[in-house]
Amino acid sequence: MTSSSPRRRARRLAATLVATTIGMLGLAACGDSDGTAKEGGGDHGKISVQYSWIKNEEFAGEFYAEEKGYYADAGFSEVVGISGPDTGVAKLLSGTVQVAISDAASIGAAIANEDAPLKIIGATFQKNPFTILSLKDGGNIEEPADLKGKKIGVQDSNASVFEAILKANGIDKSEVEVVPVDFDPTPLMEGTVDGFMAYLTNEALTVELAGNEVTNLPYADNGVPYVAETFSVTDQYLAENRELLKDFLIAEIKGWTEVFKNSNADTVSLITKYYNKAASDNAEGLEKVFGALDPKKTEMGLDAQKLLISTEETEENGLFTISDELKKQTMASLEAAGWKLGADDLFDTSILDEIYAESPELKDYLP
């Protein structure tokens, strides 16, 4: 990815923060009210999508796709979003879900280690959000070498991702003490661990908002730049359901376009609605365990992830696209982590190519 005009991109993204009713007038309230035809016109029935995390801002585009009727327009009777944490690998292979929002390390590891028949067909995050989070007055892990001799809290579902940064930087597992943790960063703040596997858009903000000065070791800047929040499917499902997946991705593009064209305030309200419903529906889910969303943190998370989603390449090529250069970077990251694959082993972005060739107007996602 190039970085020749980050200020221009930042200015365009900042405009989303002040988007108001004017910016929304051009968008349909729901269904076919904007006069556009259904994209596929098919009857795709019900599908299930595994989310990588809880129903927070990471899935704002999915919430808009549901709320605005884009899934229905695409021919789906229901799109069931299943809360994580979960890489989705096992559920894809078992047929429990049809699509998983995962990451290149988890999918790549499954293909390399288990010959899993999986493909990534698009990626929401052009830059992965993983980080090793530490306290400035604690572990203060500023570079990969600082991991040696430290206690690092790692969640079960992130084990392969943590392994990637160790391998990419020539650090043996024996040089780091891995401490099993959940996703609550309290162990870091209490000093039980020196570092904590986190998202720049989530736990890193939680710890900072609690009044701590933090240090981040971002994966993307330390040998592991790869795509994340990937739309992943099995090879068989891709071969047998191309039109369905095409209609699904069109609905997703429209949903995420809403995130950029609506105000943060409106998006936070929508996220809160879906989060609260998840908490109400599942007493044992993390939405219920974590309690109410913090609107301030949710808005900060939205702003942070927009910078991971929108790049000069997506401005030119469209949301979810993965350029040849980004594929090379991803494959190099996985190889450095010990998983050698060809780009064609991991990616099939031909459906997105078709979508944008037929409907280039969908590339225009920024206000």
Log entry, pairs with first residue in region 347-361 being within 19 Å of VAL233 (Cβ to Cβ) and open to solvent by less than 10 Å² (accessible area, probe 1.4 Å), second being assigned to a helix (DSSP H, G or I) and among the aliphatic types (A, V, I, L, M), beta carbons closer than 8 Å, six or more apart or on different chains, reads ILE351/LEU245; ILE351/LEU249; LEU352/LEU249; ILE355/LEU249; ILE355/ILE250; ILE355/ILE253; ILE355/LEU362
Here is a list: ALA337, ALA343. Which entry is under 17 Å from GLY108 (Cβ atoms), in contact (Cβ under 8 Å) with a residue 12 or more places away in the chain, open to solvent by 20 Å² or more (accessible area, probe 1.4 Å) and not polar (S, T, N, Q)?
ALA343
What tally of residues in region 164-220 results from selecting those that are more than 18 Å from the chain's Cα centre (by Cα), of a type outside the set (S, T, N, Q) and not in a loop (DSSP other than H, G, I, E, B)?
20
Taking into account only those residues within region 222-243 that are surrounded by 18 or more Cβ atoms within 10 Å (Cβ to Cβ) and among the aliphatic types (A, V, I, L, M), which is nearest to the chain's Cα centre (by Cα)?
ALA228
If we ask which residues in region 301-334 are among the hydrophobic types (A, V, I, L, M, F, W, C) and either in contact with a His (Cβ under 6 Å, 6 or more places away or on another chain) or surrounded by fewer than 17 Cβ atoms within 10 Å (Cβ to Cβ) (or both), their number turns out to be 1
Anything in region 254-265 that is in a helix (DSSP H, G or I), open to solvent by 10 Å² or more (accessible area, probe 1.4 Å) and in contact (Cβ under 8 Å) with a residue 60 or more places away in the chain? List them, or say none.
LYS254, THR257, LYS261
Specify the residue that is surrounded by the fewest Cβ atoms within 10 Å (Cβ to Cβ); the eligible residues are those in region 198-221 that are out of contact with any Ser or Thr (no Cβ under 9 Å at 6 or more places or on another chain), among the polar types (S, T, N, Q) and farther than 30 Å from GLN98 by Cβ.
ASN212
Specify the residue that is farthest from LYS328 (Cα to Cα); the eligible residues are those in region 111-135 that are of a type in the set (S, T, N, Q) and not in a strand (DSSP E or B).
ASN113
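Quick one: in region 289-299, which of the residues that are open to solvent by less than 60 Å² (accessible area, probe 1.4 Å) and either in contact with a strand residue (DSSP E or B) (Cβ under 9 Å, 6 or more places away or on another chain) or assigned to a helix (DSSP H, G or I) (or both) is nearest to LEU346 (Cα to Cα)?
Of the residues in region 289-299, the ones open to solvent by less than 60 Å² (accessible area, probe 1.4 Å) are 291, 293, 297-298.
Going one step further and asking which of them are either in contact with a strand residue (DSSP E or B) (Cβ under 9 Å, 6 or more places away or on another chain) or assigned to a helix (DSSP H, G or I) (or both), we end up with 297-298.
Values: LYS297: 34, THR298: 32 Å.
Per the criteria, the residue is THR298.
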So which residues in region 59-96 are farther than 13 Å from ALA251 by Cβ, in contact (Cβ under 8 Å) with a residue 12 or more places away in the chain and part of a helix (DSSP H, G or I), if there are any at all?
PHE59, ALA60, VAL89, LYS91, LEU92, LEU93
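The values are calculated or read from the model by the stated rules, or taken from the named source; none is laboratory data. Every value quoted in this text rests on a predicted model; they were computed, and no experiment measured them. Counting neighbours? That spans all protein chains shown, and the Cβs are built from the backbone with ideal geometry, glycine included. Remember, those area values only see protein heavy atoms, side chains included, never the ligands or the DNA or RNA. Shrake-Rupley method; radii C 1.70, N 1.55, O 1.52, S 1.80 Å.
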